[in-house]
Every structure is written in structure tokens, then in C-alpha cells.
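Any read-out appearing in this document is the output of simple, stated calculations on the displayed coordinates, not a laboratory observation. A quick note: this is a predicted structure, and the numbers were derived from the prediction, not measured. Cβ placement follows ideal geometry from the backbone for every residue including glycine, while neighbour counts extend to all protein chains displayed.
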Amino acid sequence: MTTLAPSSFLRSSRSRNVIPGFGITMGFSLLYITFLFLIPVGGLLLFTMTQSWDQFWRAISHPQVVASYRLSFGASLIGATINLVFGLLVSWVLVRYQFPFKRLVDALIDLPFALPTAVAGIALVTLYASTGWVGQYFHVYGIRIAYTQIGVVIALTYIGLPFVVRTVQPVLEDLESELEEASAALGASRLTTIRRVILPALMPALLTGYALAFARALGEYGSVVFISGNLPYLTEITPLLIVAKAEQYDYQGAAAIGTVMLLAAFVMLLVINGLQWWSTRRFSH
Amino acid sequence: MSTLTTRFKHLTALGLVALSLGAFSAQAQTVNLLNVSYDPTRELYREYNEWFAQQWRDEHGQSVNIRQSHGGSGSQARSVIDGLDADVVTLALAYDVDALRQRADLIPADWQERLPGNSSPYTSTIVLLVRAGNPKNIQDWDDLVRDDVQVITPNPKTSGGARWNYLAAWGYALEEYGSEEAAFEFVEKVFANVPVLDPAARGATNTFVQRGIGDVFISWENEAFLAVEQLGRGQFEIVVPSVSILAEPPVTVVDANVDRKGTRAVAEAYLEGLYTDDAQRLAGKHFYRPSNPDIAAEFSDQFPDVNFFGIDDVFGGWDKAQNDHFNDGGHFDTILENIARNR
């Protein structure tokens, strides 16, 4: 998929297209990206560079900040991984089976996109606090969910679910069940069919969904601050520390930590995209 | 598209045009005022704005439309610095108001001398909110460092109110135990008992009131009253500590903005109005301590006597307090490190 992009780019600029207007659409896209993304991010990087290396290093390497990276990246990865498994399951159920209220369930999947994250956070903490509907049963066994790192993972899993489902679902819809039947007819076991026929076809979409869910979780603030308890060194996420820095007018410290988040996220997304590219090449024939 | 929906769309568009025209012509005779404030003043200013609009109409025959903005005190100050068109600010602490001068030169250096009482028309203090019947028998600051007590407070790094909490505890320990080291140790013990550290005061109120977490909530007096009277009748009690800090939430006109907009006269009248008897009673009604001693006397049943200390006497002013305690590398950071190490 991605490998096609350069050649189609060249073709559209040289030859006549069914729908003309390459110049204007390209120009507009660039303008759009510039104002919405390049200028703000460029500004962040430029502003970060106004401080000395020493200052920058001190801001990003404080033990409290390092503890927050561990939580933010760790919980985001765990949340995205959970979504990878259960998002696939949900999309499988939605595509392959018929059941009452299927449309309704399908629509519900998008809810984490629309619901204000603060509302989600309050709802989650109401459920999972040790007095909550769900939390009380765990509390009996001495397990606390809200105000622990488990709570952070739950919030980050919640907001990431639609990304995996919505990227995998269309690919799964296009995947003909005849392929599975053919595989079975040729003597493959069910497990082999899943492993050799279904998963390879879904792999690029799964990885895209995984990357999106991870990236979304990394930047999440609103829902997490309600359920995490925000204890420094323990359940404090990096975005909260950025807010705390800005709150004491330490914009440079805030920008420094923001830059670290940005670069780290960029590298991890590159890796995931690399994996996706590799899996596309490996499994497509 | 059916003709019906097309017609509907035309009608809607027409309606919108008419509405905006109406708004425009109304604006011609109305003066607009924006008051940027912090969270707990919502109810107070809703009522005061009505009162003031009435007064101004009676005296000047002009209608005034007051808009309110509420949020965390620090982030509200930042919005004004970044260009929010506030005519007046009514924030939680002088440090946040002074930022308008230090970072954007929006107000003159002597802003706090322009109105009586350090420009604070009402004051408040920090009290302890406990659960009904006071099951943990919490009487004073000393009970907050007991091993069996869980304390709820927002994070002083992100919440202006929490800075008052922290300084109130520090000031108590300083007076009681006589040294900075003892005060440091005391505040560290208090924060070691905090199970949830919310970023803002309203969030902390919810943690204590709705979630049922913690045995004692260090709170603005007015927020504590709100919890007792409105959020959970009969579920909470206020414990007034032997010593506490005098919290002065100051107000000021934002000179750069009112001069540009030509709203200085009404903005100044708006703030001066806060010192009238009527407005002082409103403040008392919304659980702020009136600065006028005569009006305060009318509310003496509501507000028990507290031995107050001020931020200037004990901490040398907000700038110094912020620098010593809350900025990076300050006492609070060290306290957090110690707690993390001992956990």
C-alpha cells in the first residue's frame, strides 16, 4: 500500500487525471497541514531550543519526570496491546455474526471518540473506585483499581478501542470467507487457517490500529487525571507534569518535556509503521 | 434533497441572520464586561452580577452585560496573559494576579493598593472538612499527621487553593514547633497521608464527597460550607483549626484591556461595588468572610473566630513563598522525593 504512493504521486502530476486539480488540492493540503500541525509543532521545537542544553536536560531527566515516562509509555503500550486482542475480537464479532441490536453495538464503539474524556474519567472512576459497582468486588480481594496504575491502563484502554476496531473492521469485511473455506477444504486446521490466512491479511490494519491507539493513549489527559490519583512518582502521567510546569509559568520546562514526548512517540510510530511495511511485503503475494 | 429540507435550511439561515442582527443592535446600547475568576466564586458572582447590572442601569441608564469565566486560578491568569479580553480579574491569590504584571505588563505595579484590604473585598481561610460525627476525632492540624488518617488536598503545583492548604499547615507547624525544619517534617507527614492528589480544588472536593475517599479534606472555608450545605447535607462537618491562614483573593481592573475597550468606568464601579453593604452581605451569604467588619459581625454565627496569620508575615509574600516552596527544586519537590523514597 505504502510502496505505491511515490509512483502514483508522479503519475498524477504528469499525466491527465480523470479529476483535475492536482495543483490546488496539493497546495491546499500543504497549507492545511502547515497551519494545523507544522507551525504549532515547529513552534514547540523552536521554543524548546531557546534554552541551554543543561536546562533542557535537567527538565527532562528529573526522577519525577522519568517515573512519569515509565507510566505513560508503559500504560499506553499495555492499553494498545489489550485493544489489539480485544479490538480484533470485537470487529470479528461485528463483521462475521448476526445478532440483535448489532447496529446499535456498532455505533457504541465510536462513543469514546465523542464522549468528553472528563466524563469518561468520572464514569470510570465511579465504576472502579473501591466503593463503585465493579471496584467493590475487587476490593474484597484487596485489589484496588482506581487510583492505581491499573486505573491508568483501564482509562487508556477505553479511549483506544475504536481505533483498532475501526481500522480492522473494513479489511475484515473485504476478506471473503471463501478463502477460509478454501483453506479448510485443502485440509488446514482451524488454527492454521487463522494463522496463515486470516491474520496475515489483517496484520497491516491491526498494526495501524495499534499505532493509533498507542498514540492516542500517550497524549490522553482528561480521563486519566480522574482515575489515576496523580501521586507523584507513582501514578502521575507525563501530560499532567507538563500542565504542572505551565501552571508555574515554567513554559520552557513544559516545552522540554513536550518535545521528549513528541520525539519518543515519533520514533515508536516509525517502528510500528516499519513493522507494518514489513508485514505487508511479507504476507502479500 | 427534498424541497422541505431546503426550505427549512433557508429558514434557519434567515433566523440566524436575524438573531445576529438583533444581537448587534442590542450591543450598541449595552456595555460588555468580562470577569475572569476562579472556580468557587461561580455562585457568588452570578448573584452579584445581577445586582450590579441593576445598579448600573438605575444610575447610568445603560445596560451592562457581564460575562463570567471560571477555572483554575493559575490557568485563568494564563488565559488573560495570552490575550483573553478580561476587564476585571477576581482570582484566588495575589501571585496569579501579579503574573499579569510580571509576564504581560497588563496592570501597574501598585495594583494591590488601589482598593481597600489589599484589594480583597472578601476573605476566606483554610478549614478541615470531616465526615459526619467526626469518626476519626480530628480536632486540629496535628491530627493530620496521624498514621490512621487519610488527607485529601489538591496538588499545590497545579492548584492555587492547594498552595493555601500547604502554607496553612506549614504556618501552623512553624508557630507550634518553632523551626523551619520541624515545619518541613510536619508538612511532609501530612502529604505522606494523601492517597489521591487531584490537580484542582473542585476535583478534590469530588474525591472526598462523591468517592468517599479520605478522612479529612483540607479546603477553602467557602468550599467546605458548600459541601456541608449543598453537596451532602448531614454528611460532613467543618472543623476549624486553632490557627489558619488568612486567604485574601484579590480583584483588579485589567488596565491594558479596559483602556483599549473604553470600559474603565464601569469596570472600576464593578469592583468598588463589591465593597458596598449589599455586596458584602452577598459575599457572606456565599460563605466568604466580608471585609467590612460591621457586615462581618452580622455573620459571626457562621464564621467562628480563627487565629489568622498572613502570607506576608510568615512567608515574606507570594513571590518568595512560590519560589521557596512550589517552584522546581523547592521544598515541595523535596517533600515528594522523600515520600517516594519512603513508600
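Mind giving me the nanometre distance, one decimal, between the label points for residue B:113 and residue B:313, set 7 Å out from Cα along Cα→Cβ?
Each label point is offset 7 Å from its Cα along the Cβ direction, giving 2.2 nm.
From the phi angles alone, apply the Karplus equation (6.51, -1.76, 1.60; θ = phi - 60°) to segment A:98-105 and give each ³J(HN,Hα) in whole Hz, x where the residue is Gly or Pro.
Per-residue couplings from phi come out as 9, 7, x, 6, 4, 4, 5, 4 Hz.
Taking θ = phi - 60°, what integer Hz values does the Karplus form 6.51 cos²θ - 1.76 cosθ + 1.60 yield along segment A:206-212, in sequence order, with x for Gly and Pro?
Rounded to whole hertz, the list is 4, 5, 4, x, 4, 4, 5.
Which far-off residues, 5 or more places away or on another chain, put their amide H under 5 Å from the one on residue B:65, with H placed in the peptide plane?
B:31, B:32, B:33
Per 5 Å bin, what percent of the C-alpha pairs of segment A:51-283 does each bin hold, from zero upward?
1, 7, 12, 15, 15, 14, 12, 10, 7, 4, 2, 1, 0, 0
So what are the three principal axis dimensions of segment B:104-200 from its Cα atoms, in whole Å, longest to shortest?
The Cα atoms of segment B:104-200 stretch 49, 32, 24 Å along the principal axes, largest first.
For segment A:160-221, report the % of Cα-Cα distances exceeding 15 Å.
For segment A:160-221, the fraction of Cα-Cα distances above 15 Å is 56 percent.
May I have the extent of the alpha carbons of the protein assembly as shown along their three principal axes, as whole Å values ordered from largest to smallest?
Principal axes ranked by extent give 94, 64, 56 Å for the Cα atoms.
Please give the FRET efficiency for residue A:35 paired with residue B:180, using the beta carbon to beta carbon distance and R0 = 41 Å, rounded to the nearest 0.05. Numbers along the way, then the final one.
Numbers: r = 51 Å, r/R0 = 1.26.
Calculated transfer efficiency: 0.20.
Counting other C-beta atoms within 10 Å, and keeping those with at most 16, which DSSP coil trypsin sites (Lys or Arg not before Pro) do you find in segment A:81-125?
Listed in order of number, the matching sites amount to none.
Given Cα pairs under 8 Å that are at least 6 residues apart, what percent is the relative contact order of chain A?
Working: 301 pairs, mean separation 78.9, N = 285.
Once divided by the residue count of chain A, the mean separation gives 28 percent.
When DSSP beta bridges are limited to those with both residues in the protein assembly as shown, what percentage is antiparallel, rounded to the nearest 5?
50
As an exercise, use a Förster radius of 56 Å and the Cβ-Cβ distance of residue A:174 and residue B:42 to find the FRET efficiency, rounded to the nearest 0.05.
0.60
Would you mind checking which residues have amide H under 5 Å from residue A:228's amide H? H placed 1.01 Å from N; only 5 or more apart, or other chain.
Amide H to amide H, under 5 Å and 5 or more residues apart or across chains, residue A:228 pairs with A:147.
Compute the long axis of helix B:3-29 from its Cα atoms, compare it with the longest principal axis of the Cα atoms of chain B, and write down the angle in degrees, 0 to 90, nearest 10.
Taking the Cα atoms of chain B, the angle to B:3-29 is about 80 degrees.
How many Cβ atoms of partner chains, on average, are near each residue of B:321-328 if near means within 10 Å of its Cβ? Spell out each step's value before the answer.
Details: counts 0, 2, 0, 0, 0, 3, 3, 9.
Across the residues of B:321-328, the mean count of other-chain Cβ atoms within 10 Å is 2.
Out of residues 5 or more away from residue B:106 or on other chains, whose amide H comes under 5 Å of its own, with H placed 1.01 Å from N in the peptide plane?
The answer is B:101.
List the chymotrypsin sites (Phe, Trp or Tyr not before Pro) in segment A:58-108 that DSSP assigns to loop (not H, G, I, E or B) and whose Cβ has at most 16 other Cβ atoms within 10 Å. Which are they? The partial results should precede the final answer.
On the way: sites: A:69, A:73, A:86, A:92, A:97, A:101; in loops: A:97, A:101.
In loop regions of segment A:58-108 (DSSP not H, G, I, E or B), the sparsely surrounded chymotrypsin sites (Phe, Trp or Tyr not before Pro) are A:97, A:101.
Per residue of B:191-204, what is the mean number of Cβ atoms on other protein chains within 10 angstrom of that residue's Cβ? All intermediate terms of the calculation are to be shown ahead of the outcome.
Numbers: counts 2, 0, 0, 3, 4, 11, 10, 5, 8, 2, 0, 0, 6, 0.
Mean partner-chain Cβ count within 10 Å for B:191-204: 4.
Please give the FRET efficiency for residue B:231 paired with residue A:54, using the beta carbon to beta carbon distance and R0 = 51 Å, rounded to the nearest 0.05.
Numbers: r = 48 Å, r/R0 = 0.94.
The pair residue B:231/residue A:54 has a calculated efficiency of 0.60.
Please list the equivalent ellipsoid semi-axes of segment A:216-263, computed as the square roots of five times the alpha-carbon gyration tensor eigenvalues, in descending order and whole angstrom.
For segment A:216-263, the ellipsoid semi-axes come out as 18, 13, 9 Å.
Determine the dipole magnitude for chain A: charges of +1 sit on the beta-carbon of Lys and Arg, -1 on that of Asp and Glu, nothing else is charged, the reference point is the Cα centre, and the result goes in debye to the nearest 20. All intermediate terms of the calculation are to be shown ahead of the outcome.
Working: 17 positive and 13 negative charges, 102 e Å.
Computed charge dipole of chain A: roughly 480 debye.
Between segment B:222-278 and segment A:134-183, what's the alpha-carbon centroid distance in Å?
Result: 46 Å between the Cα centres.
At 222 nm, what helix-only mean residue ellipticity would chain B give, in deg cm²/dmol to the nearest 500, using -39500 (n - 2.57) for each DSSP H run of four or more?
Details: 16 runs with 168 residues, N = 343.
Result for chain B: -14500 deg cm²/dmol, rounded to the nearest 500.
In nm, what is the difference between 0.36 nm times the number of residues separating residue A:199 and residue A:93 and their Cα-Cα distance? Let's see the in-between values first.
Values: separation 106, 0.36 × 106 = 38.16 nm, distance 1.52 nm.
Computed gain between residue A:199 and residue A:93 is 36.6 nm.
What average count of beta carbons from other chains do you get within 10 Å of the Cβ of residues in A:139-148?
Numbers: counts 0, 0, 0, 0, 0, 1, 0, 4, 6, 0.
Per residue, the number of nearby Cβ atoms from other chains is 1 on average.
Cross-link list A:245/B:261; B:189/B:320; A:245/B:320; B:136/B:189: which exceed 27 angstrom alpha carbon to alpha carbon?
A:245/B:261
Just to be sure I understand the curve: with the Debye formula and one point per C-alpha of chain B, what is log10 I(q)/I(0) at q = 0.06, 0.07, 0.10 Å⁻¹?
Per q value, in the given order, log10 I(q)/I(0) is -0.25, -0.34, -0.64.
Any chance you could check the Cα centroid distance between segment B:105-137 and segment B:281-325 for me, in angstrom?
Cα centroid to Cα centroid, the span is 5 Å.
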